[in-house]
Amino acid sequence: MAYTAADLRKGLKIELEGIPYEVTDFEFVKPGKGQAMYKCRIKNMLVGSTMDKTFRAVDKIDQPNIESKTMAFSYKEGDKYVFMDNKTYEQVELHEGVLGDQRFFLLEDLECEVLFFNHRAMSVTLPSFVIKEIKETEPGARGNTATNVLKPAKIDTGYEIGVPIFINQGDFIRIDTRTGKYVERVKQG
Amino acid sequence: MRPPPADSDALRAQRRVLELRAKLNDAIRRFFRERGFLEVDTPVVLPANAPETNIDAVPAGACWFRTSPELAMKRLLASGCDKIFQLGPVARAGEHGRWHHPEFTLLEWYRADAGYLEILADAKALLAFVAKEIRGATDFTWQGKPVSFAQELWDKFTVSQAFIQHAGWDPAQKFDPDRFDLDLVTRVEPALPADHPVVLIDYPAPLAALARRKPDDPARAERWELYLGGVELANAYSELTDPAEQRARFIEANAAREKRGEKPYPLDETFLAALAQMPPSGGIALGVDRLLMILADADSLDGVLPFRNG
């Protein structure tokens, strides 16, 4: 399967010289008497780097073989993170560099979407929100319910996060995995 | 049926743009009237446009909407009109983006017994005039950056100079249409000065379209394009007046269209017959929406087309 340049849009996944890319920006250009072209910014889905690429309207663009599978985080071994398909017990490993900050928000058995390129695990998307326990922070100021003043705190994975003054060690908080930011305190158990 | 209220709110918010466009149209008309130009209105639906390799017309019944008023205005030159201008809508299929809209407003003007350099002098004076009328001065800001329409600041580079400097080859020596288009948008246009008008002049002969070749250098055509901040604003020619060469170029453009998988267009025989009577002339097409976008401090055509669909 191939796309034509007219299919280009933000978010489209394409393949160039064996590497999967995601289109992050595109602009229609057409000089005076010239042909229509699409100036794109594309992101290498394997290493995260971006580059500019201009396609002509007549260009055919390969469609990458990308599949997505729901898998649960199982365990960490060195700089490898292991995910498992709970039905087939198939396991895949992802390097911490691919996970980036997302690795700090993993919980055992957390269900994630693992993306495969040509049947090889390429990246993982966590649920938008996870709940984590505060392991370390200055004691909270009782009654100070302001949410705009933040103090540093640490979660089990060592990730440092800004939380409101009233949060205590042992409290559970909701974190937005896309931004890595505190959302709210949650009552647990 | 009453339109949904959201539409009225959206249009009400465009009041400033409506007023700016009216002011710009008025300034353009005064500029040309003061210089003795006759404003003309030519048909919008045509039995034939000028066939161009990369310009697709929008069908209108058995005819097409005009992609430009050029052919009709040249018939007027052939009939004896010597200075004419027109401000009106044109349509080009499939052109949609930050700086494109399938329906847009073109300003075209022509001078008999003149060439592309006389048109360049007009363009310099026009831009300085409209900037003063709309922004109060030739120098103003566009999207936070200073720009100047002052006449003495215009730059002029030959296409060969610009390509040799920024893309490392001379398209007038050995022409490659694909490489030309790609290098133009990825290497040359981004390297042009952005804070004042820049003219690329003397195009390789294969890109002459409706321009005449330079009498002393037939590998190049008397055509220039105007840029501001990476946006192409106008395209000007010393007009081709040789009916045989014009017919050959139309046939060539149609052949290139068929190669692209597009339909060829019929030739306008009335125009080709009139061309033999046309005096040597200079002419230009200027994108009014893009000019308004810059003067209105908008970053895309969205900001100046209240009825833009999609």
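All of the numbers you see were taken from the coordinates with simple rules; none came from a lab. In this text the structure is predicted, and so the values were computed from the model without any measurement. When we count neighbours, we look across all protein chains shown, and the Cβ atoms used for this are built from the backbone with ideal geometry, even at glycine.
Could you work out the local net charge near B:Arg308, counting Lys and Arg as +1, Asp and Glu as -1, over the other residues with Cβ closer than 11 Å to its Cβ?
Working: positive: none; negative: B:Glu103, B:Asp289, B:Asp302.
Value of the local net charge: -3.
Which links in A:Lys10/B:Lys156; B:Lys174/B:Lys263; A:Lys39/B:Lys214; B:Lys124/B:Lys263; A:Lys10/A:Lys132; A:Lys80/A:Lys135 stretch past 31 Å when you go from one Cα to the other? Working shown, then result.
Numbers: A:Lys10/B:Lys156 36 Å; B:Lys174/B:Lys263 28 Å; A:Lys39/B:Lys214 33 Å; B:Lys124/B:Lys263 38 Å; A:Lys10/A:Lys132 33 Å; A:Lys80/A:Lys135 24 Å.
Going by Cα-Cα distance, A:Lys10/B:Lys156; A:Lys39/B:Lys214; B:Lys124/B:Lys263; A:Lys10/A:Lys132 fall outside the 31 Å limit.
In nm, to one decimal, how far is the modelled label at A:Glu93 from the one at B:Gln165, with both set 7 Å along Cα→Cβ?
With each label placed 7 Å out from Cα toward Cβ, I get 5.5 nm.
Out of segment A:85-189, which GluC sites (Glu not before Pro) are coil in DSSP terms and have no more than 15 other C-beta atoms within 10 Å? Could the numbers behind the result be given before it?
Values: sites: A:Glu90, A:Glu93, A:Glu96, A:Glu108, A:Glu111, A:Glu113, A:Glu133, A:Glu136, A:Glu160, A:Glu184; in loops: A:Glu90, A:Glu108.
When the GluC sites (Glu not before Pro) of segment A:85-189 are filtered for loop state and at most 15 Cβ neighbours within 10 Å, A:Glu90, A:Glu108 remain.
Shape of segment B:1-115 from its Cα gyration tensor (a ≥ b ≥ c, root eigenvalues): rounded if a/c is under 1.5, otherwise prolate when a/b > b/c, or oblate?
Judged from the Cα gyration tensor, segment B:1-115 comes out oblate (a/c at least 1.5, b/c at or above a/b).
Let a ≥ b ≥ c be the square roots of the eigenvalues of the Cα gyration tensor of chain B; is it rounded (a/c under 1.5), or, if not, prolate (a/b larger than b/c) or oblate? The partial results should precede the final answer.
Values: a/c = 1.38, a/b = 1.20, b/c = 1.15.
Since a/c stays below 1.5, the shape of chain B is classed as rounded.
Considering the zone a paramagnetic label at B:Ala93 would reach in this model (a point 7 Å from Cα along the Cα-to-Cβ line), which residues of segment B:24-52 have amide N under 13 Å from it?
B:49, B:52
What is the mean number of Cβ atoms from other protein chains located within 10 Å of the Cβ atom of each residue in peptide A:32-45, rounded to a whole number? Numbers along the way, then the final one.
Values: counts 14, 14, 11, 9, 8, 5, 2, 4, 0, 0, 0, 0, 0, 0.
Whole-number average of other-chain Cβ neighbours for A:32-45 is 5.
Could you give the length gained on full extension between B:Ala125 and B:Asp297, defined as 0.36 nm per residue of separation minus the Cα-Cα distance, in nm? Can you show the working numbers first?
On the way: separation 172, 0.36 × 172 = 61.92 nm, distance 2.07 nm.
Going from the current span to full extension adds 59.9 nm.
Using a Förster distance of 51 Å, how high is the FRET efficiency between B:Asp113 and A:Asn44, based on the Cβ-Cβ distance and rounded to 0.05? If you can, show how the numbers build up before the last one.
Numbers: r = 58 Å, r/R0 = 1.14.
The formula returns an efficiency of 0.30 here.
Exposure proxy check: B:Asp216, A:Asp109, B:Asp170, B:Asp202 ranked by fewest other beta carbons within 10 Å? Numbers along the way, then the final one.
Numbers: B:Asp216 6, A:Asp109 10, B:Asp170 16, B:Asp202 22.
Starting with the residue having the fewest Cβ neighbours, the order is B:Asp216, A:Asp109, B:Asp170, B:Asp202.
At 4 °C and 1.567 mPa s, what whole-number value in µm²/s does Stokes-Einstein give for the translational diffusion of the protein assembly as shown, with Rh from the Kirkwood sum over Cα pairs? Write out the running numbers ahead of the final one.
Values: Rh = 26.9 Å.
Translational diffusion coefficient: 48 µm²/s.
What FRET efficiency comes out for the pair B:Glu133/B:Asp7, r = Cβ-Cβ distance, R0 = 30 Å, nearest 0.05? Present the calculation step by step, with values, prior to reporting the outcome.
Numbers: r = 31 Å, r/R0 = 1.03.
Computed FRET efficiency for B:Glu133 and B:Asp7: 0.45.
Among B:His196, A:His119, what is the fewest-to-most ranking by other Cβ atoms within 10 Å? Intermediate results must be reported in sequence, preceding the final value.
On the way: B:His196 20, A:His119 8.
So the ranking, lowest neighbour count to highest, is A:His119, B:His196.
If neighbour count is taken as other Cβ atoms inside 10 Å, put B:Val40, B:Val159 in order from fewest to most.
Numbers: B:Val40 17, B:Val159 24.
Exposure proxy ranking, most exposed first: B:Val40, B:Val159.
Inside 10 Å of the C-beta atoms of B:199-209, what's the mean count of C-beta atoms belonging to other chains? Walk me through the numbers before you get to the answer.
On the way: counts 0, 2, 0, 0, 2, 0, 0, 0, 4, 1, 2.
If you average over the peptide's residues, the count of other-chain Cβ atoms is 1.
Would you mind classifying segment B:113-200 by shape? Square roots of the alpha carbon gyration tensor eigenvalues, ordered a ≥ b ≥ c; an a/c under 1.5 is rounded, otherwise it is prolate if a/b is larger than b/c and oblate if not. List each step's numbers first, then the result.
Working: a/c = 3.12, a/b = 1.64, b/c = 1.90.
Since a/c reaches 1.5 but b/c is at least a/b, the shape of segment B:113-200 is classed as oblate.
Loop-only check: which chymotrypsin sites (Phe, Trp or Tyr not before Pro) in segment A:84-165 are DSSP coil with at most 14 other Cβ within 10 angstrom? Provide the component values of the computation, followed by the final result.
On the way: sites: A:Tyr89, A:Phe104, A:Phe105, A:Phe116, A:Phe117, A:Phe129, A:Tyr159; in loops: A:Tyr89, A:Tyr159.
Qualifying residues, ordered by number: A:Tyr89.
Treating segment A:30-100 as a set of equal point scatterers at the Cα positions, no solvent, please give the Debye-formula log₁₀ I(q)/I(0) at q = 0.16, 0.21, 0.26, 0.27 Å⁻¹.
-0.76, -0.99, -1.20, -1.23
Would you please give the FRET efficiency between B:Leu18 and B:Asp195, computed as 1/(1 + (r/R0)^6) with r the Cβ-Cβ distance and R0 = 25 Å, to the nearest 0.05?
Efficiency, from the Cβ-Cβ distance: 0.30.
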